[in-house]
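Written out below as structure tokens is the structure these notes cover.
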Amino acid sequence: MRQFLLALFAFAFFGEGISPAAAQTWPERPVTMVIPFPPGGGTDLLGRIVAKGLTEVLGQQVVVENVGGAGGMLGSARVVKSAPDGYTMVIGTTADAINQSLYKAPLYNFATDLVPAGLMGNQPTVLLARKDFPANTLQEFAAYVRANRTSVQYGSAGAGSTGHLFCELLNAVLGINNVTHVPYRGGGPAMQDLIGGRYDYICTLSPTGKPLIESNTVKGIAILQPRRSPEIPNLASTAEQGLPDFEVSTWFGLFFPKGTPEPIVRKLNASLATTLDAPWVHERFKEIVANVAPRDERSPEYLKKLVDTEIAKMGAAIRSAGIQQL
């Protein structure tokens with residue numbers, strides 16, 4: 001009877017088909033990291049850096065698999081349905097939090113169907129304007145938009161994209177209402193039209209904005225975080241321009257399917273921390289204008305709180321913007 005109870009406890013704690021010994025020796029074979037976006041984007045670049053580091057730390061290959069589609073939902077949904085054995089994980093991002101409200105019937109519950117393992121970092125957002133925009137600071141920008149709100153337009157990679165919602169959050173904190181939004185089919189076309197002066201401003205990831213600012217192709221107004229980025233040192237922060245607490249960025253974390261044993265989650269978290277502390281990882285993150293997660297923000301518990309907060313925050317932004325659910 002005692003052996004039966006111990007076996008039952010082990011089953012409940014470690015998950016179906018996973019013994020305590022298996023959890024302790026994980027990983028014993030390659031681990032798949034699903035990146036829910038196509039190759040070449042910000043999530044893909046950051047994910048491949050972390051995958052390389054984890055391969056070195058874990059002693060097993062971390063294999064990257066790009067599964068794009070539906071704003072990142074297809075890749076995450078694939079992991080939700082995978083075996084909770086620690087051999088399939090996904091990079092969850094701000095997009096997952098957005099999708100919970102953007103879609104009438106999201107393919108999974110981001111708050112409950114995935115287990116947070118640890119935050120990797122984030123990429124700041126920059127506010128860019130057309131090159132001849134008649135404002136240079138955030139205060140001048142806000143004053144101009146308020147005075148010309150019937151004619152001013154802002155662009156994004158699409159309705160419900162991070163850039164769309166981040167601009168809506170910025171507009172709200174600046175007291176700017178009813179600015180016309182121009183959605184594009186992707187960030188590339190949106191940026192080309194900003195360069196061409198066909199609309200006024202955009203909120204986009206810093207790796208996209210950095211070369212355009214440096215080449216004087218567009219005008220940088222602000223980096224939407226409290227401090228400047230060493231990689232874009234001439235771009236003033238929101239705190240320097242009167243918004244000390246305003247920050248919007250795209251964050252990236254690692255998640256397992258629900259039911260993954262706690263020892264495996266903790267082991268990946270510790271391995272991720274070691275990876276993020278490596279000097280070469282810091283250098284590679286700088287190259288793509290990304291911030292490494294601070295040590296006090298890397299725990300599974302912190303990432304869980306971040307997910308819950310972001311789902312609520314992005315849901316409110318979607319409702320405020322009047323975005324129709326897909």
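Side notes on the structure shown:
- Estimated FRET transfer efficiency (GLN24, TYR103; beta-carbon r; R0 30 Å; 0.05): 0.15
- Principal-axis tilt of helix 42-58 within the chain, Cα atoms, nearest 10 degrees: 30 degrees
- GluC sites (Glu not before Pro) restricted to DSSP loop in the range 170-257 with at most 16 other C-beta within 10 Å: none
- Measuring r between the beta carbons of ALA172 and LYS258 and using R0 = 25 Å, the FRET efficiency lands at 0.15.
- Over the range 213-311, equivalent-ellipsoid semi-axes from the Cα gyration tensor in Å: 31, 17, 11
- Cross-link reach list, lysines versus LYS104, counting only Cα pairs under 25 Å and skipping chain neighbours closer than eight places: LYS81, LYS258, LYS304, LYS305, LYS313
- A simple count of charges around GLN325, restricted to other residues whose Cβ falls under 15 Å of its Cβ and scoring Lys, Arg +1 and Asp, Glu -1, yields +2.
- Extension gain, GLU140-LEU74: 0.36 nm per intervening residue step, less the Cα-Cα distance, totals 19.6 nm.
- Theoretical FRET efficiency, 1/(1+(r/R0)^6), r = Cβ-Cβ of GLN325 and ARG227, R0 45 Å, to 0.05: 0.80
- Computed over the range 124-241, the P(r) tail beyond 22 angstrom holds 23 percent of alpha carbon pairs.
- Annotation: extensible slack from VAL63 through ASP308 equals 85.3 nm (criterion: 0.36 nm per residue apart, minus Cα-Cα distance).
- Debye equation applied to the C-alpha atoms of the chain, log10 I(q)/I(0) at 0.13 Å⁻¹: -0.94
- Cα centre as origin, Lys/Arg/Asp/Glu Cβ charges: the range 157-298 dipole, Debye: 320 debye
- Extension gain, GLN153 back to SER215 (0.36 nm per residue minus Cα-Cα distance, nm): 20.0 nm
- When only alpha carbons are used to place a centre, the range 263-326 and the range 81-116 end up 13 Å from one another.
- Amide H contacts under 5 Å for GLU247: none, restricted to partners 5 or more places along the chain or on a different chain, H placed in the peptide plane at 1.01 Å from N.
Quick note: the coordinates plus some simple rules give every number you see, no bench work behind them. Predicted model only: the values in this text are computed from it and were never measured. Positions of Cβ are generated from backbone atoms using ideal geometry, with glycine treated the same way; all protein chains shown enter the neighbour counts.
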